[in-house]
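Chemist: One structure, as structure tokens, below. Some questions next.
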Amino acid sequence: MWIRSTTPMAERSHSPSIMRLFYTVCIWVAFVHCTNGIPWTQEKLHHRAVTLTPEEIQTALSHTDLEQMWQRDLRPLLVTRYPGSAGSQAVQQHIKTALGSLGAGWEVTEDSFVSQTPYSPLPFTNLIATLNPSAKRRLVLACHYDSKYYPPQWHGKEFQGATDSAVPCAMMLELAKALDEELKAQKSSDANLTLQLLFFDGEEALFQWTDTDSLYGSRHLAQTMERTPHPAGATDTNQLHGIDLFVLLDLIGGPDPRFGNQFPSTSHWLSRLQNIEKRLHSMNQLVNHNQAVQYFWPNHPVGHIQDDHIPFLNRGVHILHLIPSPFPSVWHTFDDNEQNLDRSTIQNLNKILQLFVLEYLDARPANTTNHSNPSNPQNAP
């Protein structure tokens, strides 16, 4: 039986439009509710670190051990390790073994290639360690592990490159080990944000610094990341889009370093490091660190420096360059060795960097359950 509708024609003609508008609004509200209307590639611009309680800080930093780092990770790196050398191979293996032994389950991959140099084609290998490869966003810590090459007339002298950059590499390995449990827990609790460690080969010029004789590893990896879809299968985003913040460590290990501000766009993160330094000082967590000592100077602008961040900076990645200004007095001399390192400074910077990573990732100590944050209710940067 067919029954004619009694709904007026004008009312019937508007019903589909009203329903379409209703569904559109529902979808838009759901999208905003789930994503706050921010594309994932822009979430880095709105990211806010948490602030751990003093109790959480003490628990987390109790795992770091300078003497163990010194014996376990630093001394094996204090060898001649220019690209293609036996020392380079040994250092690569040490880094892979150190990270592979941890419970957090790092994925360590190699970016190997051959590049023309002023002497001959040489092999280079970057090491990429990713805590959770499926996460879209990454906090990146980076350093170079190669040492400056000196020609045969310098035989009999070994350039250790302690600050340049054995210490930064050892600091990154110590961070991964000291925070193993926290990073393991963060890996399972946050599928969107992770930590990535980059160890570059070939930062140093082999003959004389030029655009082609320097930054071999970082130039190759930045190009490779730009060509690699991220997440897997993406058509318009690549691995560089996944980098929240690229923190480059270099020339670290001498006494009284001063880290100035090279990039206004990331000065708030340098201020964050300054804040962490002050908090740890007030908690008596830093050694030989009196009121006159200050490492981080966000209000002190310094000129740009050619280093491994440049290929990433040129592709739009946000950079925090932790390199002292001025450089250590032992820079590119045979005095850049273990004997001239300042243990107190290294121990203090280990703690500051570890707390920075924990708070950026909201990775709380594994044996604490207090997730309230009364000291920083707004999670300010």
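Chemist: Any idea what the dipole of the chain comes to, in debye rounded to 20, about its Cα centre with Lys/Arg Cβ at +1 and Asp/Glu Cβ at -1?
Modeler: Values: 27 positive and 37 negative charges, 277 e Å.
Dipole of the chain, to the nearest 20 debye: 1340 debye.
Chemist: For the chain, what is the calculated [θ] at 222 nm in deg cm²/dmol (nearest 500), taking -39500 (n - 2.57) for each run of four or more DSSP H residues and dividing by its residue count?
Modeler: Numbers: 10 runs with 127 residues, N = 381.
Calculated from helices alone, the mean residue ellipticity at 222 nm is -10500 deg cm²/dmol.
Chemist: Sticking with this structure for a sec: Just tell me the longest site-free run in the chain, where the sites are chymotrypsin sites (Phe, Trp or Tyr not before Pro) in a DSSP loop having at most 13 other beta-carbon atoms within 10 Å.
Modeler: On the way: sites that count: 2, 119, 207, 209, 334.
Free of exposed loop sites, the longest segment is 210-333.
Chemist: Report the FRET efficiency, 1/(1 + (r/R0)^6), for residue 48 and residue 86, where r is their Cβ-Cβ distance and R0 is 35 Å, rounded to 0.05.
Modeler: Numbers: r = 46 Å, r/R0 = 1.32.
Efficiency, from the Cβ-Cβ distance: 0.15.
Chemist: Now a separate question. Among 71, 95, 58, flag the residue with its Cα farthest along the positive direction of the charge dipole of the stretch 41-172, charges on Cβ as +1 for Lys/Arg and -1 for Asp/Glu.
Modeler: Highest projection toward the positive end goes to 95.
Chemist: Which option, (1) 1.02; (2) 0.97; (3) 1.09, is the value of Rg/Rh (Cα atoms, Kirkwood Rh) that was calculated from these coordinates?
Modeler: (3)
Chemist: Moving on to the next point. Let me make sure I get this right: for the stretch 130-270, a, b and c are the square roots of the gyration tensor eigenvalues over alpha carbons, sorted descending. Under 1.5 in a/c it's rounded, otherwise prolate if a/b > b/c, else oblate. Which is it? Provide the component values of the computation, followed by the final result.
Modeler: Working: a/c = 1.96, a/b = 1.50, b/c = 1.30.
Prolate.
Chemist: Among all the lysines, which ones have a C-alpha under 25 Å from residue 187's C-alpha, if same-chain residues fewer than 8 places away are not counted?
Modeler: Within reach: 44, 96, 136, 177, 351.
Chemist: Using alpha-carbon pairs under 8 Å, 6+ residues apart, how would you state the relative contact order of the chain in percent? Numbers along the way, then the final one.
Modeler: Working: 633 pairs, mean separation 86.2, N = 381.
It comes to 23 percent, rounded to a whole number.
Chemist: OK, next. What is the distance, in nm, between label points placed 7 Å from the Cα along the Cα-to-Cβ direction at residue 339 and at residue 288?
Modeler: 1.7 nm
Chemist: Same structure, new question: Compute the distance from the alpha-carbon center of the stretch 83-104 to that of the stretch 194-216, in whole Å.
Modeler: First find each Cα centre; the distance between them is then 17 Å.
Coordinate-derived values only; no laboratory data. In this text, all values refer to a predicted model and were calculated from it rather than measured experimentally. We place every Cβ from the backbone using ideal geometry, glycine too, and count neighbours over all the protein chains shown.
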